[in-house]
Each structure stands twice: as C-alpha cells, then as structure tokens.
C-alpha cells in the first residue's frame, strides 16, 4: 500500500480550496452579490486558506446567496458546511467550510468590520464579476 506524499496532498488540498472559494464567489456573483473579494490567507494563518467576501442588498438576497452556495458546494464538491453564524440577523452571515470561509454582509456591516483592511497583508485572488457595470449617463448624453 503506497502512501501519498504529504506535499502533494497539501497542493491538492490547496487547489481544492481555491476551486471551492471560486465556486462560492461565482454563485454569489450569479445571485447579484456585489464587491466580491477572495482573500488568500494561506501565508498568514494555518487556520483557513481563503475568505470569500460578498455584499448583499437585502436580507432575502443574503439568504438566497448563502443557501445557493451551500447547494453548489454540496453538489459539485461533496462539501458540507461545518457551521453557520448570523443567518437569523442577516447582517453578516458566516459560512464555515473549514479551509474556506464565506462572509456575506450588508453594506453597513461590511464597512464597519472592514475585513479587507484587517487582512490587508493577504494576497487577493483575481475574480471578475460577470455583472455588467452600470455607468450613469451624464445629463448631456442622449438617452
């Protein structure tokens, strides 16, 4: 019986973590989550690999995003959430998948806790929203 190299397993786990973080971000994006950020924490803490940060505009939207992320990670990765906090209050919903933690905020709570600043030393994972940016027209532009 061969035992896999721990280095290979760590690399595979890290790739799986990134795939799951990206999947959570895509789900949030498809559900109109805003200001989506993926923070790579692997070089800063051994506790988790990635944070996914998302802003929602309503309690209903935050609930929909959290439920959809649960469904997708379960169906596509056979992953089960280890814990959830804040669902009833819906200002900051935390979904704990072990090495990936998803934070769903309303705007005010995200500004207040400012996790991007708290973890400013961490690298960002590139993520482009599929949502079109809406640029307001100036009064001089034709409709």
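Values quoted throughout were computed directly from the atomic coordinates according to the rules given, and no laboratory measurement underlies them. Every value quoted in this text rests on a predicted model; they were computed, and no experiment measured them. Methodologically, a virtual Cβ is constructed for each residue, glycine included, from the backbone with ideal geometry; neighbour enumeration extends over all protein chains shown.
Annotations for the structure displayed:
- Once C-alpha pairs closer than 8 Å and six or more residues apart are averaged by separation and normalised to the residue number of region 19-109, the relative contact order reads 30 percent.
- Distant alpha-carbon pairs in region 19-109 (separation over 15 angstrom), percent: 53 percent
- Among 36, 93, the order by Cβ neighbours within 10 angstrom, fewest to most, reads 36, 93.
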